[in-house]
Amino acid sequence: MTGPPLVEADDSVVLELKNKLVDPKTNLPEKYRVLFSLRSVKGAAAHDALEQALKDESALFRHDVAFCLGQRQDARAVQVLTNILHNTSEHPMVRHEAGEALGAIGTEDCLTPLREHLNDAVLEVAETCQLALQRIEWLRDHPDAGNEESPYYSVDPTPALPSSTPTEELRSMLLDEEKRMFDRYSALFALRNKGGKDAVAALGAVFAARSALLKHEVAYVMGQMQDAKAVEFLTNVLKDSAEHAMVRHEAAEALGAIADSVTIGLLREFARDPEPIVAHSCEVALDVLDFEQSGQLEYADKGGAGANGAEAPARRPICPCRG
């Protein structure tokens, strides 16, 4: 459960990136490139720029800013994330991400706001806060826990069960509606770490489950896995207009991460979806693909001077998607 290490950058570069974020002429994909540069930069200037980005008009973008604040695990973000979680007029997906980010940061100051929303009126927010609180408690009881089995740089909402756990056992736990969400998530991340067709099939079966939160996390990890066998599952989710927007948006970004001729056509089609979160996700996913096809290794705007020092070593390509 380890995020990518942060790097140094000149304050002038950070200021340039911040100015792009608040410039009304900056389109959404350009904002995402800036966001995923600032996520990786140390210091107060980058943090302040990210806080400014939480005022953006796009709920999709605000939720990914909250995700980045959690992945940085910087305690300076606790107050602003707490404010978002408390704000019932904020989009539920942004509040959910704020709760998850508080769980990723995991300091004592995160406990009270999470406890206050364990029974939030929005189910996805309540389930997120339950998971986040259980993650903090688990890490407190397992101070020496590592994440050696994961080939991904991400701070996950729960630890993964050992990859040596039989796939059928993990599948059974994942699909058991009577299990704690924490345990189902732990099985989910173990399946992600195992990989392969049986793991993908087990994950795909979750799309018949009740919880939108669990389904959106499955779509996210399918994007991390970048396994073409997930395309059929993700396509069905994206096409289902009755599915929760947070699940469809995550499916769109996962299809962008997998990237073949079929998924590109789908993303172009659903970039006109009437649900803005879905349409914007497709738009950003297509922009990521354009970057990859141009030969650029990292989806980010480094500013005029770029960051000082070496870039963070990625175990796998980091897909700028989260839900």
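Laid out as a table, the results:
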read-out	value
Meets criteria (closer than 26 Å to residue 89 by Cβ and open to solvent by less than 10 Å² (accessible area, probe 1.4 Å)) for residue 28	no
Flag for residue 54 being among the aliphatic types (A, V, I, L, M) and either more than 23 Å from residue 279 (Cα to Cα) or buried (at least 24 other Cβ atoms within 10 Å of the Cβ) (or both)	no
Residue check for residue 267: among the aliphatic types (A, V, I, L, M) and over 16 Å from the mean Cα position of the chain (by Cα)	yes
Filter result for the condition that a residue is more than 18 Å from residue 247 (Cα to Cα), in contact with a Phe, Trp or Tyr (Cβ under 7 Å, 6 or more places away or on another chain) and without any contact (Cβ under 8 Å) to a residue 40 or more places away in the chain, over 49, 121, 101	101
Region 166-184, residues that are touching a Lys or Arg at 6+ places or on another chain (Cβ under 9 Å) and open to solvent by less than 20 Å² (accessible area, probe 1.4 Å)	170, 174, 182
Where residue 24 falls short, out of the listed (1) assigned to a helix (DSSP H, G or I); (2) over 16 Å from the mean Cα position of the chain (by Cα)	(1)
Answer residue from region 8-25, given it is open to solvent by less than 20 Å² (accessible area, probe 1.4 Å) and among the β-branched types (Val, Ile, Thr) and is nearest to residue 53 (Cα to Cα) among those	14
Neighbours by Cβ (under 6 Å, 6+ apart or cross-chain): first from region 1-17, farther than 16 Å from residue 301 by Cβ; second at pLDDT 90 or above and open to solvent by 50 Å² or more (accessible area, probe 1.4 Å)	6/42; 8/42
Residue within region 271-279 that is at pLDDT 95 or above, among the small types (Gly, Ala, Ser) and either surrounded by fewer than 16 Cβ atoms within 10 Å (Cβ to Cβ) or assigned to a loop (DSSP other than H, G, I, E, B) (or both) present	yes
Subset of region 15-26 [within 16 Å of residue 62 (Cβ to Cβ) and of a type in the set (S, T, N, Q)]	26
Single residue of region 148-168 satisfying the filter (of a type in the set (Asp, Glu) and within 27 Å of residue 98 (Cα to Cα)) that is modelled with the lowest pLDDT	148
Unique residue being modelled with pLDDT under 95, among the small types (Gly, Ala, Ser) and more than 23 Å from residue 276 (Cα to Cα) when the list is 126, 145	145
Some residue of region 229-249 being touching a Lys or Arg at 6+ places or on another chain (Cβ under 6 Å), assigned to a helix (DSSP H, G or I) and open to solvent by 70 Å² or more (accessible area, probe 1.4 Å)	yes
Region 104-118, residues that are under 26 Å from residue 246 (Cα atoms) and not in a helix (DSSP H, G or I)	106, 117, 118
Which numbered condition residue 61 misses (of (1) in a helix (DSSP H, G or I); (2) at pLDDT 95 or above; (3) open to solvent by 50 Å² or more (accessible area, probe 1.4 Å))	(3)
Flag if residue 66 is within 17 Å of residue 253 (Cβ to Cβ) and open to solvent by less than 10 Å² (accessible area, probe 1.4 Å)	yes
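The values are calculated or read from the model by the stated rules, or taken from the named source; none is laboratory data. Keep in mind that this is a model prediction, so the values were computed, not measured. Here the Cβ is made from the backbone with ideal geometry for all residues, glycine too, and neighbour counts use every protein chain on show. Ligands, DNA and RNA are stripped out before the accessible areas are found, and what is left, the full protein with its side chains, is counted by its heavy atoms. Shrake-Rupley method; radii C 1.70, N 1.55, O 1.52, S 1.80 Å.
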